[in-house]
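Trainee: Take a look at this one; I'll ask things after.
Just so it is clear, none of the values below were taken in a lab; they were calculated from the coordinates. Because the structure is a prediction, the values reported are computed rather than measured. Methodologically, a virtual Cβ is constructed for each residue, glycine included, from the backbone with ideal geometry; neighbour enumeration extends over all protein chains shown.
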Amino acid sequence: MHEVAVPRLNANDETYLLVEWLCAEGQWVRHGEPIAVVETSKTATEVTAERDGILHHVRPARSECRHNDVLALLFPGPTPYEKFRARRDGDGGDDEDGDGSVEGPVLTNSARLLADAHGVSAERLRNLGKRVIKRADVARVVRTAEPEPEVERRELPRNQRAVAEVVSESHRTIPPGFVAVKVNVDRALACAGRLAHRTRRLIGLPELVVKAIGWLPAQFPLFFVTPLGDNTVRPATGAHVGLTIDVGNGLFVPVVREVGQLGITRISEILLDYRTRAVQDRGFGPGELSDANIVLALHNDPDVVLAGPLVHPGHVCVVGLAGICQELALDDEGAVAPRKICNLGLTYDHRLVNGGDAVRFLRAIKTMLEAPEELDWEGDG
Amino acid sequence: MRSERVVENLNRALGGLLDADPNTYLLGEDLADPYGGAFKATKGLSSRYPGQVLSTPISESAVVGVAGGLALAGNKAIVEVMFSDFVTLAFDQIVNFASKSVTMYGQWVPIRLIVRCPTGGRRGYGPTHSQSLQKHFMGVPGLSLYELSPFRDSLATFHEMIASGGPCLFFEDKVLYTSRMYLNGVVDDLFSFDHLDARGTVARVWADDGDDPDCVLICPGGLVHRAVSAARSMLIEDELTCQILVPAKLYPFDFEPVLPLLRQSRLICVVEDSTAGGTWGADLAHAIHGLLWGRLGRPVRLVHARDSVIPAAAHLERSVLVQDSTIRRAVKESLANA
Amino acid sequence: MSEHDLERLLLIRHFENKLLELFEQGRLHGTTHTCLGQEYIPVALGALLKAGDHVFSNHRGHGHYLARFDDPDGLLAEIMGRSGAVCGGVGGSQHILRDRFLSTGVQGESLPVAAGVALHLKRRSPGEVALVHIGDGTWGQGVVYETLNIARLWSLPLLVVVENNKIAQSTEVSAHMAGTIADRAAAFDIGYHFCDSILPDVIRAELGPLVRKVRETPMPLIVEFDTYRVGPHSKGDDTRDRVALRRAADHDWYVRFRQAMPERFGAVDRRQRTRVAAVADAVAARPLSGGSNAF
């Protein structure tokens, strides 16, 4: 036996009108065949049979009905139909015309509690056309009777929607690993100060790290490739470093291309330009936001201890630069002395590289930052 | 029009058999009118079929033996054992003669013998007049076990037993005699019934056929009222949907019509009045575990009487025999265990 | 004594002897109960029976079968599990069904079955009887008394043949039966006849009118044969003392008939001995029986 329920026709009407039956009681109807016409305040709609079967009218024409009420029953053959009729006639003593009313249903105890709590009428329950009414049936009636209150909805900004898409994709598709190393940045900071003085540019730890990453593709080619799926990758053409910039107007990741071919002066100019445009909310061109093959996530505000950003889809890893902290340490003579340190993290796609690779990658940066005087920061190679 | 009582239906079926074939005999103690049998199942029959209905001395073994001889000579013989407890007195005739003769002579020898066994307790008759001995006759080659059901015209069951060509025991729950046959698919205001096979061998009782059942209770005819009562309270009070399967043939059991339903159920529970140990249910459970292993969420649950004699005092008898509350408790306990 | 009777008596004697010989040689499997010394009873009764009569036999039933059917091949094949067996080798020595002959292995079990058949005969073919063989030991079974009671109450044409060999397996009749069989028959108001002859013609003359009464009245009858088991209960399990064994041997018809008519006896004896030997060789050479589709 299959129940044909009244469909949702519109949200405004509490009740609809069953205008007429298009098929007679006891008639064999086909799947998809219109069997009744139901009218709302706006329109009349045909209700169709959801499968083949012998039709039984649960309610008479010109009667009111609601969404989810049982309108008709479809029996798979004459035997179950006759049995149903016999039982109904035997118990209910309905007249032959069949006014559509069926005997009152039996409620389970928890259904009765819920019905009483919400004042659901006996008639309303009878109209469900079921013999046994469970808690879930009453709950459906209660939900239908009390439409959900309209809640205020606001959409996220476009930029954040794009972020949501990227991080969701990352979370869904990339199994990450994470590792971090501690870097003594005393000498890097001194070196950056000297470079800034000489070039009259704003040069700090981020600029040095960008330049350092530019030196790594030859030694660590796998960290710059583009995964293509099926355990294949596209080799990198160089280091194109995306930088996370968030000055309160949303997160942007503009790209510094071909870092390996740029000197520290040029890098500092590009970074300054990006920061300025972010602060002024002037936006970035599409070309400036794409084609990175590695990202440096800048979490270098004071007191940030560690950062574990998500790997961007299409990348192998992301470097996280935390803030500079001061700590006491034993110097070479065993005396306690202050020093500045910074934690450098790497989140990586574990399908392509392993923890050991990640540590070697970070150590390479650490070595450069802890002995910066030996490097040619202005050079383009 | 009210439906006939089960014992009236049984009486009509016996009359139908005697009427249809003068080579049909009905033997047993105190069958003849005006007494008409201890439970009145044969009332009026000795008057209508005097040569075929024979009241016998109190000699279960000889009476079943005589019936076996009648069957051997090509007749149909039905024996009423006054209380099924006494069928133990005819165990040799049933197991070693009637059942074996069907095959032990190297050829198929039809033995159309039915031993009717008024069975079960709940009438305060005490330990030797209240038992359900079905389990003692299981696994005897050539022997089939049937049980009286309020869902099936007994004449159909008798025809089936006779057509089998082998000896059969027909267990008849004594309390069922005075209750009414169920007709037209109606059990009560809540429950309906239908049959899973065309011959009507297995009846199914259900209240709400929308969902897969939480539990399928398999029980013989004598347990129907207790099972329905348990199913009702579980539905109303616990929102647990039970369907009840009532097979007319207990052994050998035909699983084909019931397997689709068993596959859908969260729990399968076999209910019977036999005492614990070596039960019909244990045999069914073993077979079901084999057939549905990997699909079952939990082991088949057995509900049976306690491992005890059946006391005469009503309150003590209740504590031993299966009650509707016993079934409900068992089902809830099994469903609570993942 | 007719030639036929002598032939049949010696067929049974040599058949039983051959079984014991085959057992000793380890060529038979299972068990058997020979009727050595009692062969004359079924042979004598055979002439009193009609084709429509039923015979119910017991564990010691080879003589009953061979008296009714001249079929040592089928019976030996049944016992040896060879093709051509009466019951496909399923029943064996103690469970034979052929036409209106049936044997079963449980003491007293076939008595009520015979009564049921007698009831059928009384209704459907008056004048025919059901004959059932029991022993003195069978009287230990309650169902015997249940059945005699019913047989008398319902006036059934049931002929109960008691082969009282005065020993139940190893237990002397004095240790297993109180009172007498005659008094038991009297208690049920059932006709009774005691027969201590070993001569088929004498036996038939005594029983002829009585069996006719069983057919015509109809009415049950108990015939007690005073007889002796010359051989063991089964095989190699005779615990009787020398005196008892001597007494049994003294009553053996085989010795008496041989003394009475040495030449005629000798010829038939050789013929049947040779015949059984040939049957045994032929059956032993047959393939194993295929059982049946029934079990």
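Trainee: With a/c under 1.5 counting as rounded, go ahead and sort the stretch B:101-243 into rounded, prolate or oblate using the C-alpha gyration tensor (a ≥ b ≥ c being the square roots of the eigenvalues; past the cut-off, prolate if a/b is larger than b/c, else oblate).
Mentor: Numbers: a/c = 2.27, a/b = 1.67, b/c = 1.36.
Prolate shape, in that a/c is at least 1.5 and a/b is the bigger ratio.
Trainee: Taking every DSSP beta bridge that has both residues in chain C, what percent is antiparallel when rounded to the nearest 5?
Mentor: On the way: 5 of 28 bridges.
Taking every DSSP beta bridge within chain C, about 20 percent pair in antiparallel fashion.
Trainee: Could I ask something else about it? Which whole-number percent gives the relative contact order of the stretch A:210-294, counting Cα pairs below 8 Å spaced six or more residues apart?
Mentor: Values: 127 pairs, mean separation 28.0, N = 85.
This gives 33 percent for the stretch A:210-294.
Trainee: Quick one: if you take sqrt(5λ) for each eigenvalue of the C-alpha gyration tensor of the stretch C:176-295, what semi-axes come out, biggest first, whole angstrom?
Mentor: With the √(5λ) rule applied to the stretch C:176-295, the semi-axes are 33, 24, 20 Å.
Trainee: How much FRET efficiency would the formula 1/(1 + (r/R0)^6) give for B:Arg123 and A:Arg282, where r is the Cβ-Cβ distance and R0 is 60 Å, rounded to 0.05?
Mentor: So the FRET efficiency works out to roughly 0.05.
Trainee: Any number yet on Rg/Rh for the stretch B:6-178, C-alpha, Kirkwood?
Mentor: Numbers: Rg = 14.7 Å, Rh = 15.7 Å.
When Rh is taken as the Kirkwood radius, the ratio is 0.93.
Trainee: Starting from the stretch A:283-381, pick out the trypsin sites (Lys or Arg not before Pro) whose DSSP state is loop and whose Cβ has at most 15 other Cβ atoms within 10 Å.
Mentor: Working: sites: A:Arg339, A:Lys340, A:Arg351, A:Arg360, A:Arg363, A:Lys366; in loops: A:Arg351.
Here the sparse-neighbourhood loop sites are A:Arg351.
Trainee: For the stretch B:192-336, treating each Cα as an identical point scatterer without solvent, what Debye log10 I(q)/I(0) comes out at q = 0.09, 0.10, 0.16, 0.20 1/Å?
Mentor: After summing over all Cα pairs, the log10 values are -0.25, -0.31, -0.82, -1.29.
Trainee: Given the protein assembly as shown, what percent of its DSSP beta bridges are antiparallel, to the nearest 5? Don't skip to the answer; put the middle values down first.
Mentor: Numbers: 67 of 133 bridges.
Once the DSSP bridges in the protein assembly as shown are tallied, antiparallel ones form about 50 percent.
Trainee: Quick one: in chain C, what % of C-alpha pairs are over 24 Å apart? The partial results should precede the final answer.
Mentor: On the way: 21947 of 43365 pairs.
Counting every Cα pair in chain C, those more than 24 Å apart make up 51 percent.
Trainee: Would you mind getting the Kirkwood hydrodynamic radius of chain A from its Cα pairs, rounded to one decimal in Å?
Mentor: With all distinct Cα pairs of chain A included, I get 27.0 Å.
Trainee: Would you mind getting me the FRET efficiency between B:Ser319 and B:Leu292? Use the beta-carbon distance for r and R0 = 35 Å, nearest 0.05. Mind showing how you got there, number by number?
Mentor: Details: r = 33 Å, r/R0 = 0.95.
It comes to 0.55.
Trainee: Which whole-number percent gives the relative contact order of chain B, counting Cα pairs below 8 Å spaced six or more residues apart?
Mentor: Details: 708 pairs, mean separation 50.3, N = 338.
This gives 15 percent for chain B.
Trainee: Provide, as a two-decimal number, the C-alpha radius of gyration of the stretch C:220-287 over 2.2 N^0.38 Å, N being how many residues it has. List each step's numbers first, then the result.
Mentor: On the way: Rg = 16.5 Å, N = 68, 2.2 N^0.38 = 10.9 Å.
Here the Cα radius of gyration is 1.51 times the empirical estimate.
Trainee: Give the share of C-alpha pairs in each 10 angstrom bin for the stretch A:158-374, from 0 to the last occupied bin, in whole percents, shortest bins first.
Mentor: 8, 34, 38, 17, 4, 0
Trainee: Related question: With only Lys, Arg, Asp and Glu charged, each at its Cβ (+1 for the first two, -1 for the last two), find how big the charge dipole of the stretch C:3-283 is about the Cα centre; round to the nearest 20 debye.
Mentor: 360 debye
Trainee: Could you pull out the chymotrypsin sites (Phe, Trp or Tyr not before Pro) across the stretch C:149-256 that fall in loop regions by DSSP (anything but H, G, I, E, B) with no more than 15 other Cβ atoms inside 10 Å? All intermediate terms of the calculation are to be shown ahead of the outcome.
Mentor: Working: sites: C:Trp154, C:Phe188, C:Tyr192, C:Phe194, C:Phe225, C:Tyr228, C:Trp253, C:Tyr254; in loops: C:Trp154, C:Phe188, C:Tyr228.
In loop regions of the stretch C:149-256 (DSSP not H, G, I, E or B), there are no sparsely surrounded chymotrypsin sites (Phe, Trp or Tyr not before Pro).
Trainee: What FRET efficiency, computed as 1/(1 + (r/R0)^6) with R0 = 56 Å and r the Cβ-Cβ distance, is obtained for A:His118 and B:Asp197, rounded to the nearest 0.05? Numbers along the way, then the final one.
Mentor: Working: r = 44 Å, r/R0 = 0.78.
My answer for the efficiency is 0.80.
Trainee: Would you please name the trypsin sites (Lys or Arg not before Pro) within the stretch A:105-194 that are DSSP coil residues with at most 15 other C-beta atoms within 10 Å of their C-beta?
Mentor: Numbers: sites: A:Arg112, A:Arg124, A:Arg126, A:Lys130, A:Arg131, A:Lys134, A:Arg135, A:Arg140, A:Arg143, A:Arg153, A:Arg154, A:Arg158, A:Arg161, A:Arg172, A:Lys182, A:Arg187, A:Arg194; in loops: A:Lys130, A:Arg131, A:Lys134, A:Arg153, A:Arg154.
Taking the stretch A:105-194 and a limit of 15 other Cβ atoms within 10 Å, the loop trypsin sites (Lys or Arg not before Pro) found are A:Arg153, A:Arg154.
Trainee: Could you work out the percent of alpha carbon pairs in the protein assembly as shown separated by over 52 Å, rounded to a whole number?
Mentor: 53 percent
Trainee: Taking chain A as a Gaussian network, Cα atoms linked when under 10 Å apart, which of A:Leu228, A:Leu216, A:Leu128 shows the biggest mean-square fluctuation?
Mentor: Ranking A:Leu228, A:Leu216, A:Leu128 by mean-square fluctuation puts A:Leu128 first.
Trainee: Hey, in the GNM for chain C with a 10 angstrom Cα cutoff, which one of C:Ser197, C:Ser57, C:Ser174 fluctuates hardest?
Mentor: So, out of C:Ser197, C:Ser57, C:Ser174, the one fluctuating most is C:Ser174.
Trainee: Once the mean 1/r over all distinct Cα pairs of the stretch C:39-89 is inverted, what Kirkwood radius in angstroms do you read off? Kindly include the intermediate steps, with their values, before the conclusion.
Mentor: Values: mean 1/r = 0.0862 Å⁻¹.
So the Kirkwood estimate lands at 11.6 Å.
Trainee: Can you give me the distance in nm between label points at A:Asp246 and C:Arg275, each placed 7 Å from the Cα along the Cα-to-Cβ direction?
Mentor: The two pseudo-label positions are separated by 11.5 nm.
Trainee: What percent do you get for the relative contact order of chain A when only Cα pairs under 8 Å and 6+ apart count? List each step's numbers first, then the result.
Mentor: Working: 712 pairs, mean separation 53.1, N = 381.
The normalised contact order for chain A reaches 14 percent.
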